[in-house]
Amino acid sequence: MERRKLEIPLNEPVTIELLYDQPQIGKSSFGEYYLYSVRNGDEITSYSLFAAKEVHEQLKNFKKGSKVVIVKTVEQKANKIITRYDVKAVDTEANQKISPGDTVSPSTDNYFTAMMASYQDALRIQEILKMVDVDRCAITLFISRTKTNGIGI
């Protein structure tokens, strides 16, 4: 039986569970593709997710049973429309990375520092403006900080 194709809607978080450790990787007339088998919500239905390279680069670090949230956003830069994907692990025991032992110390991780500052600033903005989505605001600040400050590990 053929699986249904899972589409990631714009600006809506989608939670998926990986059904295998690795995707099927192949080539088509459109170039290389990354086909993941996933669940979205229920325990019965499985879907095919053709992941963009950006999504694959983030998903490949997770193993079977990992649950992640994917958010698709677009932005316009000059005359170009740029699609971005944010992939975050859902906090569960199954979400261990494939390469165990990669523990990150908050004191040496510039991304951690930038994210903490972004959330603190987003909370202050919410106090002032009341109707601000703290997560989206923090993510926007984080992206801006890491791109403009050249933060790296």
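Can you confirm whether P13 is touching a residue at least 24 places away in the same chain (Cβ under 8 Å) and in contact with a Lys or Arg (Cβ under 8 Å, 6 or more places away or on another chain)? So that I can check it myself, show each step before the final result.
Working: touching a residue at least 24 places away in the same chain (Cβ under 8 Å): yes; in contact with a Lys or Arg (Cβ under 8 Å, 6 or more places away or on another chain): no.
Judged against the criteria, P13 is not a match.
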Q) Got a sec? Which strands (runs of 3 or more DSSP E) wholly within segment 9-50 have at least 1 residues that are surrounded by fewer than 11 Cβ atoms within 10 Å (Cβ to Cβ)? A) 24-28, 31-39
Q | Unmet requirement for D121, which otherwise passes all of (1) surrounded by 15 or more Cβ atoms within 10 Å (Cβ to Cβ); (2) over 16 Å from the mean Cα position of the chain (by Cα); (3) at pLDDT below 85 | A | (3)
Q | Residues satisfying the stated conditions in segment 14-37, i.e. more than 13 Å from L59 (Cβ to Cβ) and in contact with an Asp or Glu (Cβ under 9 Å, 6 or more places away or on another chain) | A | G26
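What number of residues within segment 51-71 are surrounded by 13 or more Cβ atoms within 10 Å (Cβ to Cβ) and within 19 Å of G31 (Cβ to Cβ)? Lay out the reasoning, then the answer.
From segment 51-71, those surrounded by 13 or more Cβ atoms within 10 Å (Cβ to Cβ) are 51-52, 54-71; that's our starting set.
Cutting the leftovers down to within 19 Å of G31 (Cβ to Cβ) gives us 51-52, 54-60.
Result for segment 51-71: 9.
Considering only segment 64-81, I want to know if a residue exists there that is charged (D, E, K, R), in a loop (DSSP other than H, G, I, E, B) and modelled with pLDDT under 90. Spell out the reasoning first.
The initial filter retains those residues of segment 64-81 that are charged (D, E, K, R), namely 64, 67, 72, 75, 77, 80.
With the extra rule that they be in a loop (DSSP other than H, G, I, E, B), the set shrinks to 64.
Checking the rest, the ones that are also modelled with pLDDT under 90 come to none.
Looking through segment 64-81, none of the residues is charged (D, E, K, R), in a loop (DSSP other than H, G, I, E, B) and modelled with pLDDT under 90.
The values are calculated or read from the model by the stated rules, or taken from the named source; none is laboratory data. The structure presented is a predicted model; accordingly, all values stated were derived computationally and were not measured. Neighbour counts are summed over all protein chains in view; Cβ atoms, including those assigned to glycine, are modelled from backbone coordinates with ideal geometry.
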